[in-house]
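See below for the structure under consideration.
The values are calculated or read from the model by the stated rules, or taken from the named source; none is laboratory data. As the structure is a computational prediction, the values presented were derived from the model and not from experiment. Here the Cβ positions follow ideal geometry from the backbone for every residue, glycine too, while neighbour counts run over all protein chains shown. What goes into the accessible areas is simple: the full protein's heavy atoms, side chains included, and nothing from ligands, DNA or RNA. Shrake-Rupley method; radii C 1.70, N 1.55, O 1.52, S 1.80 Å.
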Amino acid sequence: MDADDDKGFNASPETISEKPLADVGENLDEKNNYYDFQAFLKIMRDPKADPIVKHTKSFIRNFVSQRENWTTSEQEKLINDFKVFIYDKLLTNEAFRDLSDAQIKNAKEGIEKLVMGKLYYKCFSPCLVNEKRSSDATHEQDLLDDAKLRDKILEFRFLGPEHLDIIPDLINGKLHSFIALSAKELAKINQYRSPRDKMVCVLNSCKVLFGLLKHNNKLNGGADHFVPLLIFTLLKSDVPHLISNVRYIERFRFPSFLMGENAYYLSTLQGAVNFILDMDIDSISILETDKDFNKKYSQNQEEIKDLKKQELLNPKDSSTKFPHRTVSPSPSEYILKPLDDAANSVLTKLNDFWNTSTSPTPSSPEYEDRSPRDHQEIDEHTATVLAQQMEHKEQENTLQTLQLMFPDLDPDLIRDVCIASKYRVGVCVDSLLEMAE
Amino acid sequence: MLQFKLVLLGDSSVGKSSIVHRFVKDSFDEYRESTIGAAFLSQTIKLSEEYDEQVLKFEIWDTAGQERYKSLAPMYYRNANAALVVYDVTEPDSLPKAKLWVDELKEKVNDDKLIICLVGNKLDLVSERESTSLVDEADAREFAQENNLLFHQVSAKTGENVIKVFQDIGERLYLQNKDKIQESKKPNNNNISLQRPSTNDSQSCCS
Ligand SMILES: Nc1nc2c(ncn2[C@@H]2O[C@H](COP(=O)(O)OP(=O)(O)O)[C@@H](O)[C@H]2O)c(=O)[nH]1
Ligand SMILES: [Mg+2]
């Protein structure tokens, strides 16, 4: 079974949803998918791992202190070079060298997660914007593109499935609930800092769409069916900083981990994003066939005007719904939110290991004021309670969504299915589809 | 394990998905992996003795065939090792479209190592049709030759020639990468990927 099962929460998206690759079929190559962050941290605490810990700390310290504003490609290169270097060191280090291939791969994953957890506020563009000193043109470009995508999504959010070549067979009552669930899975991308965890959110979101195809016996249609569904999902979604997130995964996920299926779905997401960025009213072929199109378009334009007016009046509210270029989230918002570190009691235990001298302590007073709960300072108990609360809330949300998606099934039955499959969205959807048939 | 990225291109309904499903179904499934959905599939094949019985894995990237989603294609064919450009032998219009894909690949990917295979599908329907309503085989063959493409006619329905397409591509890939393959056979080197350029410079930011 999978490695996380009996460890309570592991503070990775799997725990609140599921493993992207596991559970899907029988011939699963389990070793390839072994992932256990806590097991990795345990090895890191072994004195024999000291050289690895030292190198990692020193890399982080240098990265943070050497220069204020690296460009995105400089960051990408520095971090990748460090990974190449340290991954090689693992093979000769006493604490790691005798581990199995799967455990070594897990250690590499662990290092990436640790490093990116520490450097997130320096590398994830939305975190940098408020700290003017350390933002540069390349990071600002991400934000401009986020805003452009958001505007395009608003402009075309009224499109129906028929406008995007979604086949009529799929246009039924279930479509919208599946799309909504998929969008929700994707939106979780902002809750995580590690490139892997963000990637899992993308995969989970795609998986819900395949659940829909399976439900309609359209699994064999491949990309012809999937691409329009993903674009439709994006148009109905509300994922702040999607482009920044996608680029962050591209830049900071170790290339050999971003292969195969992961690469496929990330590329498809990028393609879908580009498609939406290029949409314009004159190029939408549907204009002739949908007589109401112009009316719907202008009506939506009116609504957007109202929305933007409201945002100006009440920027706080709107930034959580749809971030606008004039309302950028504070960095602390993005640093505090992630479940992965805050929720990870083992990681907080390692505070001595990440002592304050090596940890990034942003000097901006605004940052300090707003971060009474910086994960550095959370004790283990608080972190555990916090994580449990978040997990519980998440589970309730999932349950409610599934109950909406399957109105014909007994709500208690749905709860049982959720509990049995540990609230993994993909597994739940699969079982419920079978029952509903 | 050697992994190669193969992208599927061609008009809607020419049978891209059917070819891949046939390939996966007819292959020995010793190494079959589960995947999330049917847009990305991977399948392993074993080459003949002549090619050291080398085992290689194809990662097969499906693309949306609809005209309006053509603009997504570059996202799929970048870093590809091979492309299957498919047309339907019973649809004369589909060959010119396949040719356009070949031109685009030559222009945009511009990589001599990219292996392109032109595939005419639905061969099983040929006998039922008037030859005037069919794609001119000589035309396709000639185009393939001029452009240095592999060329096959297949039927996803009966399975005729389908495995051959992938064997043929696999053999080319093998010859192309023989040196790297030999190296990967040495101990401690069991996961070579030829898909992405790797950054291997020295560590610059760590002391
Ligand atoms: N007779 C026949 N039909 C085929 C063959 N390959 C595919 N088809 C049919 O052609 C249609 C389109 O196939 P599909 O694989 O979805 O095409 P794609 O859009 O290129 O992926 C389907 O109805 C298939 O059953 C073939 O070799 N022979
Ligand atoms: Mg298809």
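Among the candidates B:Phe58, B:Phe23, B:Phe4, the residue that is within 14 Å of ligand 2 (Cβ to nearest atom) and not polar (S, T, N, Q) is uniquely B:Phe23. Would you say A:Tyr248 is open to solvent by less than 30 Å² (accessible area, probe 1.4 Å), touching a strand residue (DSSP E or B) at 6+ places or on another chain (Cβ under 8 Å) and aromatic (Phe, Trp, Tyr)? So A:Tyr248 fails the test. Restricting attention to the range A:91-108, the residues that are among the charged types (D, E, K, R) and buried (at least 20 other Cβ atoms within 10 Å of the Cβ) total 1. Does A:Phe96 count as among the aromatic types (Phe, Trp, Tyr) and under 25 Å from the mean Cα position of the chain (by Cα)? Judged against the criteria, A:Phe96 is not a match.
To keep it simple, each residue is scored yes or no on (1) away from ligand 2 (no atom under 16 Å from the Cβ); (2) assigned to a helix (DSSP H, G or I); (3) open to solvent by 40 Å² or more (accessible area, probe 1.4 Å); (4) in contact (Cβ under 8 Å) with a residue 12 or more places away in the chain.
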| position | (1), (2), (3), (4) |
| --- | --- |
| A:Arg150 | yes, yes, no, yes |
| A:Ile166 | no, no, no, yes |
| A:Lys174 | yes, yes, yes, yes |
| A:Asn190 | yes, yes, no, yes |
| A:Val200 | yes, yes, no, yes |
| A:Val208 | yes, yes, no, yes |
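A single member of A:Lys122, A:Lys152, A:Lys89 is of a type in the set (Lys, Arg) and more than 14 Å from chain B (Cβ to nearest Cβ), and it is A:Lys152.
Of all residues being assigned to a helix (DSSP H, G or I) and facing chain B (nearest Cβ under 7 Å) in the range A:253-264, which is surrounded by the most Cβ atoms within 10 Å (Cβ to Cβ)? Just the residue, please. So the residue we want is A:Tyr264.
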